[in-house]
1. What is the spin-label model distance, in nm, from residue 59 to residue 569 if the labels are put 7 Å beyond Cα along the C-beta direction?
2. Mind ordering 447-456, 153-162 by average Cβ neighbours within 10 Å, highest first?
3. Using label points projected 7 Å from each Cα along Cα→Cβ, tell me how many nm separate residue 521 and residue 576, to one decimal.
4. Applying a 10 Å radius around every beta-carbon, put 546-555, 117-126 in order of their mean neighbour count, most first.
5. Packing-wise, with mean Cβ within 10 Å as the measure, how do 19-32, 430-443 rank, highest first?
6. Could you give the radius of gyration (one decimal) and Dmax (whole number) of the Cα atoms in the range 16-165, in Å?
7. Which distance in nm do the two modelled labels at residue 6 and residue 18 give, with both placed 7 Å along the Cα-to-Cβ direction?
8. Would you please classify the overall shape of the range 424-474 from the alpha carbon gyration tensor, given that a ≥ b ≥ c denote the square roots of the eigenvalues, rounded means a/c under 1.5, and beyond that prolate means a/b larger than b/c while oblate covers the rest?
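Coordinate-derived values only; no laboratory data. This structure is a prediction, so every number in the text was calculated from the model and none was measured. Ideal geometry is used to build each Cβ from the backbone, glycine not excepted, and the neighbour counts take in all protein chains shown.
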Ligand code: ATP
Ligand code: MG
Ligand code: MG
Ligand code: MG
């Protein structure tokens with residue numbers, strides 16, 4: 001039992017101006033966190049309790065599937081990363097640790113970096129520890145701080161520079177065994193998120209810079225999410241945007257960002273015209289094409305419903321064609337020549353011809369646009385890339401509008417924004433080969449271990465729970481992750497009878513397995529009730545005032561408006 005006066009829960013009436021989304025506002029207003037700087041937060045006592053609870057649920061589910069907890073350093077020798085398979089891709093997000101001896105690493109980088117994740121540490125560790133098939137499989141995990149130099153930290157804990165992650169790494173002798181480890185983790189994740197009271201969708205994801213053979217992301221559907229998921233309730237298909245559009249991306253262009261594009265627009269799907277044609281993209285009114293020849297650089301963009309897009313603005317998008325197309329090439333396809341302003345609008349008249357010209361080209365395909373400029377210039381976020389552009393299946397390219405049928409099930413594909421709270425990869429042998437993490441089999445043959453890696457954003461999960469579970473008055477904590485489950489509100493903290501009854505109720509609730517907070521502050525009832533709703537503990541018991549004189553106390557669930565009056569004599573039985 002904890003008395004409010006003996007802990008510190010600094011609730012706020014107003015939300016600080018820089019908090020944009022509901023969960024970020026509530027984190028601050030309910031006194032769970034305080035900001036130190038962009039993407040850097042102090043966990044206040046109640047926030048820390050939630051973190052510890054979520055961590056514990058995660059630990060239990062990992063342990064249940066046989067994963068083994070350890071703790072690795074946060075500071076890594078830079079050479080671990082330089083020797084790893086993704087230094088060039090990962091270095092941008094890493095904080096380097098400067099100190100007197102800096103610059104001595106082989107890479108001429110500072111000697112140390114702050115760990116953004118731990119493959120580069122665990123793989124050499126396992127290499128030196130495990131040599132025989134007899135010691136496999138192993139899955140090691142930790143729950144700890146990660147550091148990433150995010151370009152745009154935002155939304156509180158959602159995208160922070162320093163955050164808490166559970167990361168696990170599995171090592172198996174065979175590919176089959178690695179798949180089994182992967183599926184155990186998938187099961188653990190589903191169990192974990194369910195216990196957190198969080199509705200998630202597991203979507204197929206691209207393996208991207210991690211390499212590896214397959215991957216799922218655990219997504220919380222929410223309008224404020226940074227990711228798009230494409231799914232179909234009927235067929236069960238679900239994928240993130242990158243995965244849904246991959247297979248169309250020539251490998252060497254997968255990482256290429258459009259020249260001059262702003263961040264919001266840096267990752268539209270890239271497709272080849274050949275892929276479009278091969279997939280039978282209809283050449284009718286659906287697709288408007290626009291060829292931009294400005295700046296001496298030709299760009300070709302296929303748009304839908306963007307008749308009024310102004311070519312000058314398009315230049316800002318940086319749509320770059322990988323090989324220049326000449327007006328003569330374009331004319332037969334478009335039925336029009338690029339105009340003096342360098343733009344052609346029209347429909348694709350001859351997709352085969354287009355495919356012929358651009359067979360080896362990559363173009364950037366964007367969806368239905370509400371493109372436009374305002375006084376500040378051209379804002380790319382007005383282009384709605386994936387809302388209307390979905391690819392039904394990996395390798396099976398079609399463009400569809402959200403809400404149009406999915407040919408497979410005949411049911412509409414849905415596209416939604418989502419928050420990535422977890423991510424699992426079957427890595428294969430990319431890291432084990434690079435670091436020489438090999439084992440010998442029973443024939444004394446040596447093989448690289450087959451790895452998997454598995455992350456959960458613990459601190460992001462905390463905020464995602466709030467984002468998914470709140471109302472106009474405050475947070476509505478799911479039972480398992482609430483900082484305390486029961487709030488006993490003492491309306492008369494000066495009154496010995498009220499205080500005694502509060503204590504009695506609190507002890508009864510504790511005996512029944514709940515964590516209890518007693519609001520013993522000398523505040524007006526109105527303040528206490530507002531704060532009770534704001535901090536959102538699942539069950540509220542109110543003692544004092546008229547009720548106490550009448551021999552009752554009140555019981556109210558945060559999810560309901562009903563207030564039950566309970567005779568004091570029935571207190572213990574009711575709470576148990
Ligand atoms: P994102 O796509 O949001 O940048 P990520 O794919 O880079 O995340 P992973 O490397 O897959 O993240 O890390 C595992 C988990 O760590 C993510 O699923 C997410 O929940 C969490 N995470 C990643 N970056 C951050 C961050 N900056 N702040 C808080 N949590 C994060
Ligand atoms: Mg990231
Ligand atoms: Mg991601
Ligand atoms: Mg990820």
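1. 4.5
2. Working: 447-456: 24.4, 153-162: 22.4.
Answer by packing, highest mean first, reads 447-456, 153-162.
3. 3.4
4. Listed from highest to lowest mean packing, they are 117-126, 546-555.
5. Numbers: 19-32: 22.2, 430-443: 17.1.
By packing density, highest mean first, the sequence is 19-32, 430-443.
6. 18.1, 58
7. Modelled inter-label distance: 3.6 nm.
8. Values: a/c = 6.60, a/b = 4.92, b/c = 1.34.
Verdict is prolate for the range 424-474.
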